[in-house]
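The values are calculated or read from the model by the stated rules, or taken from the named source; none is laboratory data. What you see is a predicted model; the values in this text were computed from it and never measured. Every residue, glycine among them, receives a Cβ derived from its backbone with ideal geometry; neighbour counts consider all protein chains shown.
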Amino acid sequence: MQDKAIQVKGLQKSYKQLHVLKGVDIEVEKGSIFALLGSNGAGKTTIVKILATLLKPDGGTATVNGFDVAAMPDSVRQSISLTGQFAAVDEILTGRENLIMIAKLRHLTNPRQVADDLLNRFGLTDAADRRVATYSGGMRRRLDIAMSLIGKPQLIFLDEPTTGLDPEARIEVWKIVKELAEGGTTVFLTTQYLEEAEQLADQIAILHEGRIIAGGTLAELKKLFPPAKVEYVEKQPTLEEIFLAIVGKKEEK
Amino acid sequence: MEATRQHFSSDIGVMLGRSMRHILRSMDTIITVTIMPIAFMLLFVYVFGGAIQTGTDHYVNYLLPGILLIAIASGTSYTAYRLFMDVQRGIFERFHSMPIARSAALWGHVLTSLVSNAISVVIIILVALIMGFRSSAGVLSWLAVAGILALFTLALTWIAAIAGLSAKSADGVSAFSYPIIFLPFISSAFVPTESMPSGVRAFAENQPVTSIVETIRALLSDQPVGHDIWVALAWCAGIMLAAYIFAMRVYKKRT
């Protein structure tokens, strides 16, 4: 019980006529990276919102860090952080002001210091006093995640953290997620990119038509398919590899 | 639960600091809520004023209460806009997933509305003083004026909250304020109602703005307020209460 960060049983949710979740079961180990895979509209965000106490489920149970989301939402909120699908940053404030604001709302003793440390860690020091409206998509997402780390929550939800980011920014986010898990934080992320789940996750679950249709480690999921055949193919670099190679070379110069 | 209650006022303070920055960094907001009412005041006093017979020694004395109400009405339309943007951009979701009281984000906007409107009211009164506005009112009368303006601000702010929380687009969000900004023109704010045709006059004399304007004007010129003050208070309190209940319902549903 205690080694589970999230336990979800028979979770149901409907929006009027639309039955989005038809009995979802999920278990996430403490300190692991869990990826929820699914296409657009599969209900990934709905699950995140229920677990982050933003939505009430119609049926089933969900506990986060040992607290029932319906019965003890305040205790749940103490121990989590949510990074929503669209970077929830204040565009009119500067990066530094955003961080200080969240640190104050978490009632930390030294908000300025917390902000400085995070700006440094996320490579935003140079842009710290610029309004967020001038930030690139990748910078915004980094700030967004930095805001979620304030107060050192045990569990972080990342709802499609790399959607809309360019390949470089995506790799940066991946690095951050890996560092978080190494530091002992549990990460629950949703994604529609198979590669992202493959890169990051200890456990993967596939959400389809309101149910988890497959779950397990990457190795376990691969076993569900027929054994790999050995084929000889000429490996062409993908366009993404080419892009990264060119951009990487430019930066070295 | 205890912790969230204990920090409620400091959390609202953080929210207030945030939205005040939004206002001070938005030239558009400052122009609309302060410079536009001042321009109106200049226009009416120095262009139309000479032709308007109000029976007061200086037209600015007659005009000021109505100008203040217009400024507050346009000020609250920005409250609706800021609320709408917060809901749209997902920053409310972040606040709501944090261990702070759920209503803190909304109350932060309400407090911001009170503070920012108070600032623009003070600026407009200062400009009016330069233009020749004089008041014989004592401290108590001024406090009564402040109280009525605060109540009026709150009533409109809660209407703005309904608009901000339920609007579908940024363009539609401030539409609620146009009729309210227009109401002072069909009241005794600019000209006495006696000169209006009977139908218009009946409307003008019985809509909320007239009683509020008459009350503030009487207080500022040290005249007896009569029963106007009770009509004004009833309008403000009634609208505020109804809008508050409705806004809270929308807030719980929407977020």
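When A:ASP90 is tested against (1) of a type outside the set (A, V, I, L, M); (2) surrounded by 23 or more Cβ atoms within 10 Å (Cβ to Cβ); (3) farther than 19 Å from B:GLN88 by Cα, just one condition goes unmet, and that condition is (3).
Residues in the stretch A:82-97 that are within 9 Å of another protein chain (Cβ to nearest Cβ) and over 15 Å from the mean Cα position of the chain (by Cα): A:VAL89, A:ASP90, A:GLU91, A:ILE92, A:LEU93, A:GLU97.
Condition check ((1) without any contact (Cβ under 8 Å) to a residue 40 or more places away in the chain; (2) farther than 21 Å from A:ALA146 by Cα; (3) away from chain B (no Cβ under 11 Å)) across all residues:
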site: A:GLU29; (1), (2), (3): no, yes, yes
site: A:PHE34; (1), (2), (3): no, no, yes
site: A:GLY41; (1), (2), (3): yes, yes, yes
site: A:GLY59; (1), (2), (3): no, yes, yes
site: A:VAL76; (1), (2), (3): yes, no, no
site: A:ILE80; (1), (2), (3): no, no, no
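Screening A:ASP159, A:ASP126 for residues that are away from every other protein chain (no Cβ under 12 Å) and acidic (Asp, Glu) leaves exactly one candidate, A:ASP126. Flag: A:THR53 matches the condition of being touching a helix residue (DSSP H, G or I) at 6+ places or on another chain (Cβ under 9 Å) and either in a strand (DSSP E or B) or among the polar types (S, T, N, Q) (or both). Selection of the stretch B:215-249 for residues being touching a Ser or Thr at 6+ places or on another chain (Cβ under 6 Å) and farther than 16 Å from B:LEU156 by Cβ yields B:LEU219, B:LEU220, B:ASP222, B:VAL225, B:ASP228, B:ILE229, B:VAL231. With the condition kept exactly as written, say whether any residue in the stretch A:201-213 is surrounded by fewer than 19 Cβ atoms within 10 Å (Cβ to Cβ) and assigned to a helix (DSSP H, G or I). No. When A:LEU149, A:LEU180, A:LEU194 are checked against the criterion of being over 16 Å from A:ILE80 (Cβ atoms) and either of a type in the set (Lys, Arg) or in contact (Cβ under 8 Å) with a residue 24 or more places away in the chain (or both), A:LEU194 stands alone in meeting it. Checked against the criterion of being more than 14 Å from every other protein chain (Cβ to nearest Cβ), part of a helix (DSSP H, G or I) and polar (S, T, N, Q), the stretch B:78-94 has at least one qualifying residue.
Residues in the stretch A:141-169 that are touching a Lys or Arg at 6+ places or on another chain (Cβ under 9 Å) and more than 21 Å from A:LEU51 (Cβ to Cβ): A:ALA146, A:GLY164, A:LEU165, A:ALA169. Take the stretch B:207-233 and flag every residue that is modelled with pLDDT of 90 or more and over 22 Å from B:ASP57 (Cα atoms). Passing the criteria: B:GLN207, B:PRO208, B:VAL209, B:ILE229, B:TRP230, B:VAL231, B:ALA232, B:LEU233.
Entry remark, the stretch B:113-136: residues being surrounded by 22 or more Cβ atoms within 10 Å (Cβ to Cβ) and part of a loop (DSSP other than H, G, I, E, B) number 0 in total. Restricting attention to the stretch B:55-69 and to residues that are under 20 Å from the mean Cα position of the chain (by Cα) and over 17 Å from B:LEU126 (Cβ atoms), the residue that is modelled with the lowest pLDDT turns out to be B:TYR62. Checking the structure you have, find out if any residue of the stretch B:133-149 is in contact with a Gly (Cβ under 9 Å, 6 or more places away or on another chain) and closer than 25 Å to B:ALA175 by Cβ. No: zero hits.
For the stretch A:61-74, a residue qualifies if it is buried (at least 21 other Cβ atoms within 10 Å of the Cβ) and in contact (Cβ under 8 Å) with a residue 40 or more places away in the chain, and the qualifying residues are A:ALA62, A:VAL64. Of the helices (runs of 4 or more DSSP H) lying entirely inside the stretch B:1-54, those carrying at least 1 residues that are modelled with pLDDT of 90 or more and away from chain A (no Cβ under 14 Å) are B:36-43.
Quick grid of which residues meet (1) within 20 Å of the chain's Cα centre (by Cα); (2) part of a helix (DSSP H, G or I); (3) aromatic (Phe, Trp, Tyr); (4) buried (at least 17 other Cβ atoms within 10 Å of the Cβ):
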position	(1), (2), (3), (4)
B:GLY172	yes, no, no, no
B:PHE190	yes, no, yes, yes
B:GLY199	no, yes, no, no
B:SER211	yes, yes, no, yes
B:ARG217	yes, yes, no, yes
B:VAL231	yes, yes, no, yes
B:LEU241	yes, yes, no, no
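B:SER97 meets all of the listed conditions (1) touching a Ser or Thr at 6+ places or on another chain (Cβ under 7 Å); (2) in contact (Cβ under 8 Å) with a residue 24 or more places away in the chain; (3) of a type outside the set (A, V, I, L, M); (4) within 9 Å of chain A (Cβ to nearest Cβ) but one, namely (2).
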